[in-house]
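Read through the structure below, which is laid out as structure tokens, and then see the notes.
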Amino acid sequence: MIRSLTGTIDAIGENWLVINVHGIGYAVGCPTLQNHFIEGSTITLHTYLAVRETALDLYGFPEKAELIMFELLLNIPKIGPKSALQILTQATPSLLIESAQKNDGVYLHKLSGLGKKTAENIVQYLHSKLGNLPVTISSPTDHLSAIETDAIDTLVSLGYDIATARETILNLTTEDSTINSLVTQALKQIK
């Protein structure tokens, strides 16, 4: 089992990287949209090796919490490695935990490719595991205020993907932010 890779980023694609480790290029499924990777930089990824009948697929995450959440998602029926990677491309582990703590799948249902039933299954499964989760992911570090949540929802309803909306709003938020000011600033920044 390959549990981590440290090497140089040779190529970056949509949800994958090629990591050169001592002259060998490993293709690794990775949530690249939320992370700002740079070709030529050195990186360490925590990895999961998915063994199938016809392939060996390697998935990697810069943060240990992402790997733990990835492995938790794989325990949910009808969620395989590609679906779990897609979920983590759009939502952080802390967002998933926050949804589970609130027992609310509405936010997750807005993620691309997630149906209502699957979102509810994720929330129910994670909610049942909250007491057993490692401290590194059971304490969300980026709680959203009601204003931030409403601003993100507004951007999503305008057609922006949830990961971009969330990252943009979190970068713009100040103590005196309003929904209108956040959305206006976000629209200027995104375009």
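Remarks
- Count - residues of segment 153-173 that are farther than 16 Å from K191 by Cβ and modelled with pLDDT of 80 or more: 1
- Picking from residues in segment 84-104 that are over 13 Å from P31 (Cβ atoms) and of a type in the set (A, V, I, L, M, F, W, C), the one that is surrounded by the fewest Cβ atoms within 10 Å (Cβ to Cβ) is I97.
- Test: residue in segment 37-59 that is surrounded by 12 or more Cβ atoms within 10 Å (Cβ to Cβ), out of contact with any His (no Cβ under 6 Å at 6 or more places or on another chain) and of a type in the set (S, T, N, Q): yes
- Within segment 105-124, considering residues that are surrounded by 13 or more Cβ atoms within 10 Å (Cβ to Cβ) and of a type in the set (S, T, N, Q), the one farthest from L74 (Cα to Cα): Q124
- Residue in segment 125-134 that is outside any loop (DSSP other than H, G, I, E, B), modelled with pLDDT of 80 or more, closer than 24 Å to G105 by Cβ and under 16 Å from the mean Cα position of the chain (by Cα) present: yes
- L114 hydrophobic (A, V, I, L, M, F, W, C) and at pLDDT 85 or above: no
The values are calculated or read from the model by the stated rules, or taken from the named source; none is laboratory data. Here the structure is a predicted model, which is why all the values come from computation and not from measurement. So basically every Cβ, Gly included, is an ideal-geometry build from the backbone, and we count neighbours across all protein chains shown.
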